[in-house]
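**Student:** Here's a structure for you.
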Amino acid sequence: MDLGLLTTIVAAAALHQIWPAAMPSGPSASLLFFVLSGWAVQIPFRAELSSAPANPYPSSRSNLHSRDAIPFSNLYDVDYVANILVDGQSFEVQLDTGSSDLWIDTTDVTFSSETTDTHFTAGIRYLDGTVATGDILLSSVSLGQYMVHNQSFISAPGSNATFLSDKGILGIGPPSLSVLFNNLDGSPYDGTPFMNNVFQTYQNESSFYTFLLSRSEVGITDGGIFTIGELGSHNESISQAPKLSLLVDKIWMIAVDGAIINGQSITGNGIPPKLQSVIPPSGKLTAVFDTGTGAALAPPYYVDAMYKDIPGAQYSPDDQFYYVPCDSKVNVSVVVGTNEYPVHPIDTTVFYNFDDDGLPVCIGAWRYSTDSGQDFLLGDSFLRNVYSVFNFGSLARAEDGAPYLQILSVTNADQAWAEYDSLNAERIASARSSGASTPRVGALLLPTVMALFCTVTLLVT
């Protein structure tokens with residue numbers, strides 16, 4: 001058959017990781033933006049706001065378990081992964097709210113006759129040169145207790161776009177982000193994303209999922225809480241949290257009001273409108289929620305307010321982050337409406353390395369968002385501090401209402417400030433015990449996330 005080549009320009013945040021010299025590189029998960037280029041629209045602000053309930057959750061969060069939660073793991077606070085079954089075979093994949101397709105590295109994998117080859121091929125090429133490309137197959141896919149038959153995915157043997165121990169990415173974002181859905185449109189095959197298929201298959205389940213990400217930079221631990229269609233145990237208060245309308249239905253993007261940084265209330269000062277993928281409502285800023293990004297992005301004015309005045313802080317234009325002493329404490333809260341969402345100070349810095357004198361050096365976990373297409377990209381550095389609900393609404397079932405986000409603060413600012421020193425000492429001790437001569441995983445895992453234009457190449461047979 002003849003091959004037709006379709007090239008789509010995608011404005012993508014968190015598409016790749018830029019590492020300092022001598023560090024390994026690889027892509028991060030998210031295809032955060034749209035199968036559109038140079039698109040900007042003015043969105044009227046809509047949000048259902050109510051008073052936020054009192055925060056009942058201490059920052060240490062001793063019990064993160066729910067009887068109905070889907071098991072998943074936290075890899076050094078940067079990669080949250082779950083095991084899925086594809087045609088009965090297990091694969092560890094990153095859970096990514098910033099994309100909507102499933103692809104897996106199928107090196108040395110043989111599928112049964114129950115798996116169908118569509119004879120379509122798709123590939124995603126990242127700007128750092130890594131690629132996930134291969135045949136589009138259909139097979140049974142299971143996540144926890146949820147199974148979908150004839151689920152589309154990219155079989156990408158030998159992909160260099162895997163990260164740590166994961167073997168691919170399970171995108172659970174809005175369906176409009178799906179490359180496979182668009183590619184298979186008009187064919188005999190169904191490219192509906194996995195999460196939408198779950199909501200269609202399990203009609204008794206409400207069309208939302210929730211996350212409460214665990215915190216542990218020193219190893220591989222339980223991931224926290226991930227539920228589909230129901231709220232986690234002891235988190236019913238989230239149902240009273242404000243319903244935050246999406247600015248567009250293609251991505252988990254809402255409007256925020258600014259931040260409080262070291263006691264200073266900051267509003268405005270976003271990235272220039274010409275760099276925005278979506279023009280925010282007047283007086284607001286855009287924010288995207290993305291579990292596929294270990295870091296966070298903010299406008300330069302905000303990042304400078306966080307780190308610039310720290311004694312010994314140095315900004316590196318080449319590496320595009322701040323170097324800071326590891327005993328640096330930063331007090332940050334993101335403001336949405338009248339509600340403040342504190343960020344644990346341990347989530348504002350990441351251990352980097354030891355200097356020639358054996359002293360620990362850290363880097364700022366929040367980076368400039370200048371070229372990202374949005375003001376804030378709230379990745380895991382922020383999401384560990386909230387219990388979040390991603391409600392698909394009409395994106396999953398036409399009869400449901402508009403999609404929205406809900407977030408409930410789980411970080412007690414005073415307690416977090418008090419426990420920072422002990423948590424920081426723990427991560428430095430772990431780094432020291434692992435040996436400074438070997439690049440320590442915990443020091444390498446925070447990507448410099450930049451929203452860039454990438455080329456997604458679809459090979460269609």
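Just so it is clear, none of the values below were taken in a lab; they were calculated from the coordinates. Keep in mind that this is a model prediction, so the values were computed, not measured. FYI the Cβ positions are ideal-geometry reconstructions off the backbone, even for glycines, and counts take in every protein chain you see.
**Student:** Can you tell me the length gained on complete extension of the stretch ASP185 to VAL361, counting 0.36 nm per residue apart and subtracting the Cα distance?
**Tutor:** 58.3 nm
**Student:** Starting from the Cα of LYS308, draw a straight line to each of the lysines and keep only those under 27 Å, dropping any in the same chain fewer than 8 residues away.
**Tutor:** Reachable lysines: LYS274, LYS284, LYS329.
**Student:** For the range 277-334, what's the relative contact order in percent, using C-alpha pairs closer than 8 Å and at least 6 residues apart? Don't jump to the answer; show the numbers that get you there.
**Tutor:** On the way: 28 pairs, mean separation 11.8, N = 58.
It rounds to 20 percent for the range 277-334.
**Student:** Explain nothing, just the number: relative contact order of the range 98-230, from Cα pairs under 8 Å at least 6 residues apart, as a whole percent.
**Tutor:** Reported relative contact order: 25 percent.
**Student:** Ranked highest first by the average count of other Cβ atoms within 10 Å around their residues, in what order do 339-347, 351-359 fall?
**Tutor:** Sorting 339-347, 351-359 by mean packing, highest first, produces 339-347, 351-359.
**Student:** Turning to a different aspect of this structure: TYR301 to LYS329: FRET efficiency via 1/(1 + (r/R0)^6), r the Cβ-Cβ distance, R0 22 Å, to the nearest 0.05?
**Tutor:** Given R0 = 22 Å and the Cβ-Cβ separation, E is 0.60.
**Student:** Further, regarding this structure: I want to check the label-to-label distance for MET147 and SER422. Put each point 7 Å from Cα in the C-beta direction and report it in nm to one decimal.
**Tutor:** Modelled inter-label distance: 4.6 nm.
**Student:** Over the alpha-carbon set of the range 194-253, divide Rg by the Kirkwood Rh and report the Rg/Rh ratio to two decimals.
**Tutor:** Expressed as Rg/Rh, it is 1.02.
**Student:** So for the range 273-333, taking the charge dipole from beta-carbon charges (+1 Lys/Arg, -1 Asp/Glu), which of TYR302, SER277, ASN331 sits furthest toward the positive end?
**Tutor:** Of TYR302, SER277, ASN331, it is SER277.
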